[in-house]
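Engineer: What follows is a single structure, and I will ask about it in a moment.
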Amino acid sequence: MRQAHLTAPRTIEWRESNAPKPGPGQLLVRVRAALTCGTDLKTYRRGHPKLAYGPFGHEASGDVIAVGKEVDRFATSDAVMWVQTAPCGECEKCARGFENLCEHLFDDIALGAYGDELLLPAKVVRQNVYKKPEKLSYIEAAFLEPFSCVVHGWNVLRRADARRPLPADVTIIGAGTIGLLHLIYAVRAGVNATVIARGAERCELASSLGAKTVVEADDTKAVVALAGSASAVFECAGTQPTWTLAAALARPGGRVVLFSGLPSGAVAEFDAAKIHYGEIALLGAFHFTPADVREAYELLGRGGIDVKPLVSGVERMDDIVRVFERLDRREGHKFALVPGSEDPQWM
Ligand SMILES: [Zn+2]
Ligand SMILES: [Zn+2]
């Protein structure tokens with residue numbers, strides 16, 4: 001089998017090996033579609049603090065081609081979708097219900113979505129693999145991982161206000177894939193959404209996906225005018241100034257989910273009086289739990305979530321090097337990669 005490995009910053013190499021036989025609890029799958037992700041691009045540019053170089057890519061779906069002992073929920077030729085990690089269930093974080101913070105989350109992770117075949121670890125198979133509903137395309141099914149992150153963010157938000165879990169309105173900073181997935185979730189839940197986006201193309205996309213108001217990020221006056229107006233805010237732009245902005249946008253009693261990660265050591269400033277006297281909840285959100293994955297799976301399976309506009313193009317898996325060079329030049333946001341086709345189509 002062939003897998004694309006990230007071997008150093010900006011260096012992707014194809015490696016060939018014999019396809020492994022799945023051990024107890026494991027599945028071997030043939031990848032049918034994979035997606036590029038902002039985290040992959042960050043890793044491509046500068047490595048990842050928690051992940052070693054090696055097999056690359058984590059968002060995918062495919063078909064089961066071999067089943068390990070003790071697996072009874074899946075059989076050969078099942079179409080499946082999954083996320084790359086699963087919690088251990090035994091560490092102190094898991095015991096407290098913070099499975100998304102599991103100390104062993106990144107042990108035994110299913111990396112290698114950019115390739116022909118992929119071995120899914122037993123703990124992932126046990127908790128975070130699902131049969132792909134027929135009506136979902138493989139590319140849509142590969143959205144399970146980013147959508148699970150988004151569902152987790154909304155669950156963090158909901159838990160922060162027992163009286164009114166769903167806010168009346170939300171302001172989303174950033175219209176990359178994650179910002180737009182938050183928008184799709186909001187629209188589906190009936191929450192009025194304002195999106196702060198950069199560039200005409202992203203602004204138009206946000207309004208076509210159902211944003212009630214779209215503000216151009218460089219229109220400082222319009223952005224400042226939103227201060228103190230939002231019942232809920234999702235920060236999805238990943239910069240220190242937008243973290244500060246997120247808190248400033250919340251109205252008294254508002255909730256702010258700081259969704260994007262900043263480099264370790266980064267410090268963000270907030271107006272202390274506004275946070276205190278306005279009783280504003282600042283909330284972190286990271287990764288997902290198996291319950292979030294299940295919820296994301298059910299929402300995707302129920303239909304009505306159109307992720308197609310979020311895909312910048314469908315490309316051949318063999319062109320992975322060129323696709324990352326394009327992403328590095330900021331051409332496109334999220335590409336779908338399909339193995340084995342000269343003329344890749346939506347699938
Ligand atoms: Zn991802
Ligand atoms: Zn754990």
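The values are calculated or read from the model by the stated rules, or taken from the named source; none is laboratory data. In this text, all values refer to a predicted model and were calculated from it rather than measured experimentally. All Cβ positions, glycine included, derive from the backbone under ideal geometry; neighbour counts span all protein chains shown. Accessible surface is based on the protein model in full, side chains and every heavy atom, while ligands, DNA and RNA are left aside. Shrake-Rupley method; radii C 1.70, N 1.55, O 1.52, S 1.80 Å.
Engineer: Among the candidates K131, K123, which residue alone is within 16 Å of ligand 2 (Cβ to nearest atom), in contact (Cβ under 8 Å) with a residue 12 or more places away in the chain and open to solvent by 10 Å² or more (accessible area, probe 1.4 Å)?
Structural biologist: Going through K131, K123 in turn, the sole match is K123.
Engineer: Continuing with this model, one more query. Filter region 1-12 down to residues that are more than 14 Å from A113 (Cα to Cα) and open to solvent by 60 Å² or more (accessible area, probe 1.4 Å), then give me how many there are.
Structural biologist: Qualifying residue count, region 1-12: 2.
Engineer: Okay, next question. Report the residue count in region 52-62 for those that are in contact with a Leu (Cβ under 7 Å, 6 or more places away or on another chain) and surrounded by fewer than 20 Cβ atoms within 10 Å (Cβ to Cβ).
Structural biologist: 2
Engineer: Only residues that are more than 16 Å from F147 (Cβ to Cβ) and buried (at least 19 other Cβ atoms within 10 Å of the Cβ): list them for region 192-213, please.
Structural biologist: A193, T194, V195, I196, A197, R202, C203, L205, A206, A211
Engineer: Just the residues that are over 18 Å from the mean Cα position of the chain (by Cα), among the basic types (K, R) and part of a loop (DSSP other than H, G, I, E, B), please, taken from region 299-347.
Structural biologist: Those that are over 18 Å from the mean Cα position of the chain (by Cα), among the basic types (K, R) and part of a loop (DSSP other than H, G, I, E, B): R329, R330.
Engineer: Moving on. What tally of residues in region 13-37 results from selecting those that are surrounded by 15 or more Cβ atoms within 10 Å (Cβ to Cβ) and in a strand (DSSP E or B)?
Structural biologist: Going through region 13-37 one residue at a time, the tally reaches 9.
Engineer: Name the residues in region 173-191 that are among the hydrophobic types (A, V, I, L, M, F, W, C), within 19 Å of G304 (Cβ to Cβ) and open to solvent by less than 50 Å² (accessible area, probe 1.4 Å), would you?
Structural biologist: Scanning region 173-191 gives L180, L181, L183, I184, A186, A189, V191.
Engineer: Filter region 234-250 for residues that are buried (at least 23 other Cβ atoms within 10 Å of the Cβ) and within 14 Å of A175 (Cβ to Cβ); which is nearest to the chain's Cα centre (by Cα)?
Structural biologist: C236
Engineer: Being open to solvent by 10 Å² or more (accessible area, probe 1.4 Å) and either more than 16 Å from ligand 1 (Cβ to nearest atom) or over 26 Å from L299 (Cα atoms) (or both) narrows it down to one residue among V71, V80; which is it?
Structural biologist: Exactly one residue qualifies, and that residue is V71.
Engineer: A further question on this structure: Within region 12-41, work out how many residues are of a type in the set (G, A, S) and within 16 Å of ligand 1 (Cβ to nearest atom).
Structural biologist: Matching residues across region 12-41 total 3.
Engineer: Same structure again: Quick one: which of A52, A66, A60 is away from ligand 1 (no atom under 15 Å from the Cβ), in contact with a strand residue (DSSP E or B) (Cβ under 9 Å, 6 or more places away or on another chain) and of a type in the set (A, V, I, L, M, F, W, C)?
Structural biologist: Of the residues listed, the single one that is away from ligand 1 (no atom under 15 Å from the Cβ), in contact with a strand residue (DSSP E or B) (Cβ under 9 Å, 6 or more places away or on another chain) and of a type in the set (A, V, I, L, M, F, W, C) is A66.
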